[in-house]
Amino acid sequence: MSTTTSSRPAQLQLHRGGTSVIVDLDTAGTPTIIHWGPATGTLSPAELASLAIAARPQRVSGGIDVPARLSLLPQETFGWQGTPALLGQRGAGGWASALSITAAHADDSSLTITAEDPAGGLHLVTELELSAAGVLRQRHILSNTGDSDYLLHRLTTVFPLPASATTVQDFTGRHLKERTAQRRPLTVGAHVRESRRGRPGADATLLMLAGQDSFSFRAGLVHGVHTAWSGNHSLSAESTITSDSFLSAGELLQPGEVVLAPGESHTTPWALGSWGHGLDQLSARFHEDLRARPQHPTRPRPVTLNTWEAVYFDHDLATLKSLAEKAAVVGVERFVLDDGWFLGRRDDTAGLGDWFVDAAVWPDGLGPIIEHVRGLGMEFGLWFEPEMVNPNSELARKHPDWILHTEGRWPVSARQQQVLNLAHPECFDYLLGRLDAILNEYPISYIKWDHNRDLLDAADPRTGNPTVRKTTLALYRLLAELKHRHPGVEIESCASGGARVDLGILDYTDRIWTSDCIDPLERLDNQANTGLLVPYELMGAHIGGPKSHSTGRQHSLGFMARTAIFGHFGIEWDISDISEAQTEELAGWIAFHKANRELFHTGTSVHADLPDPAMDLRGVVAADGSRAVYSLTQRTASTTYPSGRLTLPGLLPDTRYRVQLSEPLNDQLGNGQSPLDWTLAETIISGRLLAVTGLASPVLFPEQAVLITVDQAN
């Protein structure tokens, strides 16, 4: 179907990927989405018209004469009294917009709406797209058609919720504990989560979710939205006294950040919405959507060793060579040299911005370590933090005007560093030139791109205007140009660990560093919540040393490996002098990951809703349903002893599967008093029964895990 203004019906239906969106164009101002969610089947024009009539609210005592609608751009001019999607002004007045639809173009999976406000001098294009996975994408393009400047304060997208959505879930956190879930009832009013950190931040909510009471991974209708943007942003869930409930997503603009001169336009970041009967189905849509991108990594994700927790700033060639040799022995495929290689960088108080190899530490350049690493059959990667500068650096001394600040004062320091103005052309060219020079000089396959502080007083000193938006766009241009010049180089988005996890940055990078905390117990929740948006192949998940550098806990190698096994696997540990037994065990885990990473990085992520909160079971099921690997973790001691049955979700109901504990089994299982029968005999059960009835859980000690493999039986 293709529809334009001259022949447009009053209602339209989009459908793709199991999702339906029904839009009523016959509303004041801009159109109204009257259904977003489960597929409805193809409806006739008469059915669509009846559905639209059925959705229109009744005038009530004390209300306005024409009840307002939750449209694609709800405006006060048409009676809307909730949070507006558009706020702006022209001079001292001209703040009330009256944008009304003038044209619509649609096909089966996309809709473009044009709206005009001739008196206000505004032109709006709203784009809706349904992806093949059923993810709904929205954005606005606002143009100033007037004869004076238009100061834009707010422009966000709106996603309606069904009446069953009564519970809100978002995420908060801090450095070393990002993406911690929190829930509350969706009551009348707005639950707003804003990031003003110049990046999403460690406390950012990855998604704003709203669903039925007690929605879980496997049950309950739930909807969620995400802003694909790496700067300031806002997400909210709102319910009005007139029974409209919705999610909102968009960029958070600072005062004066967007001033549209006559003829200029502003394009919002894409906002993405998904839904599901349970969080697993919601996240599967996001994962499928990401995997369909042309730039999505397709080759096996290299097992990576990063040197940070192994040596920190102590860059000694002999030590690093020894570390690389052991890495090659255990099967590592990529060796990454972290912070400390560039001019004056002996600790974190100096050197940022001076992107030249420090001859005091590397008298022969990086060539000797790179040649050694590559000679061992591994790729070489290098750490950068291009957006930052230490005041104690040659760059800061020569170009203080390149540093974001308000004239007359410096922003509060963080990590002994300040932030560069990538929107300054000379600063941009310097950074591009230095990174390009390093990549041209050395055969580098991977960049760990860090960003270790929030932005404060992020103003361009040339104008005094806030510039988070401009620097974010400049970052995207810088990453894109480096990718263009060096198409084989992969880039990791690291920001104090997981403080810049969003789909904007993932348009230009190849994975995110999920958290600086690699304590496996902490990583359980972090990875589950990050995985609602990001599939395993894009999540860095490493084995740390026996004692966590961020929590002080001590864990077995097996527990750490089983927690990290599904992700983009790696090591963050000085393994140069580990024992022969540890070397053999580590090599076994790497071999197991390599043997299964195609499954882990193309399959469907699933999580069981176990009644015992002391236990966690998650896994990956092959796209064709033929096999799966599950990880069962005993977080704490269970109240019951032994624990109850496990259910294994996501399998084909009518397929029979062989179930067994997986090798490697390097540490003794729990403190059971007798063998577990199904681990000793061949056990073949249908996918339906495994999901509903399950099987007896192994007895495990707290902070211990096992892997369970499930293969289709002949």
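Key figures
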read-out	value
Residue 713 versus residue 42: modelled label distance in nm, points set 7 Å from Cα along the beta carbon direction	4.3
Cα-derived Rg to Rh of the stretch 173-292, Kirkwood definition	1.00
Part-to-part distance (alpha-carbon centres) for the stretch 376-400 and the stretch 126-142, which is given in Å	37
Residue-averaged 222 nm ellipticity for the chain, from DSSP H runs of 4+ at -39500 (n - 2.57), nearest 500	-6000 deg cm²/dmol
Normalised contact order of the stretch 134-236, rounded percent, pairs of Cα under 8 Å and 6 or more residues apart	26
Theoretical FRET efficiency, 1/(1+(r/R0)^6), r = Cβ-Cβ of residue 312 and residue 174, R0 30 Å, to 0.05	0.85
Relative contact order for the stretch 231-344, counting Cα pairs under 8 Å that sit 6 or more residues apart, in percent	17
Cα-based shape type of the stretch 423-519, given that a ≥ b ≥ c are square roots of the gyration tensor eigenvalues and the cut on a/c is 1.5	oblate
J(HN,Hα) series, the stretch 534-543, from Karplus relation 6.51 cos²θ - 1.76 cosθ + 1.60, nearest Hz, glycine and proline x	10, x, 4, 5, 9, 10, x, 9, 10, 8
Distance cut-off 22 Å, percentage of C-alpha pairs in the stretch 449-607 lying past it	51
Gyration tensor verdict on the stretch 357-480 (Cα atoms; rounded if a/c is under 1.5, prolate if a/b is larger than b/c, oblate otherwise)	prolate
Expected-Rg normalisation [2.2 N^0.38 Å, Cα atoms] applied to the stretch 574-617	1.70
Convex hull volume per residue in cubic angstrom - Cα atoms of the chain	170
The stretch 385-475: relative contact order as a whole-number percent, Cα under 8 Å and 6+ apart	39
As computed over the stretch 392-458, the Cα convex hull volume per residue (Å³)	108
Difference of contour (0.36 nm per residue) and Cα-Cα distance, residue 462 to residue 602	45.6 nm
Loop-located trypsin sites (Lys or Arg not before Pro) in the stretch 21-97, at most 10 other Cβ atoms within 10 Å (DSSP)	59
Accessible area of residue 710 in the full protein assembly, 1.4 Å probe (Å², nearest 10)	0
16 Å cut-off, amide nitrogen to a point 7 angstrom out along residue 149 Cα→Cβ, residues in the stretch 245-273	254-266
Of the trypsin sites (Lys or Arg not before Pro) in the stretch 421-464, those whose Cβ has at most 15 other Cβ within 10 Å and which sit in DSSP loop	462
Radius of gyration and Dmax over the Cα atoms of the stretch 174-221, both given in Å	12.9, 36
At R0 = 56 Å, FRET efficiency that the Cβ-Cβ distance of residue 81 and residue 676 yields, to 0.05	0.35
Those lysines that a straight Cα-Cα span of less than 22 Å connects to residue 483, excepting residues fewer than 8 apart in one chain	448, 470
Alpha-carbon Rg/Rh ratio, for the stretch 103-224, with Rh computed the Kirkwood way	1.04
Value of D in µm² per second that Stokes-Einstein yields for the stretch 50-160, Kirkwood Rh from Cα pairs, at 25 °C (0.890 mPa s)	158
Set of lysines with alpha-carbon distance to residue 594 below 21 Å, sequence-local pairs under 8 removed	326
Point-to-point label distance, residue 107-residue 364, nm (Cα→Cβ direction, 7 Å offset)	5.9
Rounded FRET efficiency, nearest 0.05, which uses the C-beta distance separating residue 594 from residue 614 and R0 of 41 Å	0.85
Stretch gain in nm, segment residue 56-residue 183, where the contour uses 0.36 nm per residue and the Cα spacing is subtracted	42.7 nm
Debye intensity ratio in log₁₀ form over the Cα atoms of the stretch 535-663, taken at each q of 0.18 Å⁻¹	-1.12
Area of residue 24 that stays accessible when all protein chains are in place (1.4 Å probe, Å², to 10)	0
Charge tally in the Cβ shell below 10 Å around residue 333, where Lys, Arg are +1 and Asp, Glu are -1, residue 333 excluded	+2
Inter-probe distance in nm under a simple model that places probes 7 Å from Cα toward Cβ, at residue 64 and residue 392	6.0
Scattering profile of the stretch 522-581 at q = 0.15, 0.18, 0.23 Å⁻¹ [log10 I(q)/I(0), Debye over alpha-carbon scatterers]	-0.47, -0.65, -0.98
Whole-angstrom gap from the stretch 500-519 to the stretch 682-711, using each part's C-alpha centre	31
Extended-chain gain in nm, criterion 0.36 nm per residue less alpha-carbon gap, residue 416 and residue 580	54.9 nm
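The values are calculated or read from the model by the stated rules, or taken from the named source; none is laboratory data. All values reported here derive from a predicted model rather than from experimental measurement. Virtual Cβ from ideal backbone geometry, glycine too; neighbours counted across all protein chains shown. With ligands, DNA and RNA removed, areas are computed over all heavy atoms of the protein, side chains included. Shrake-Rupley method; radii C 1.70, N 1.55, O 1.52, S 1.80 Å.
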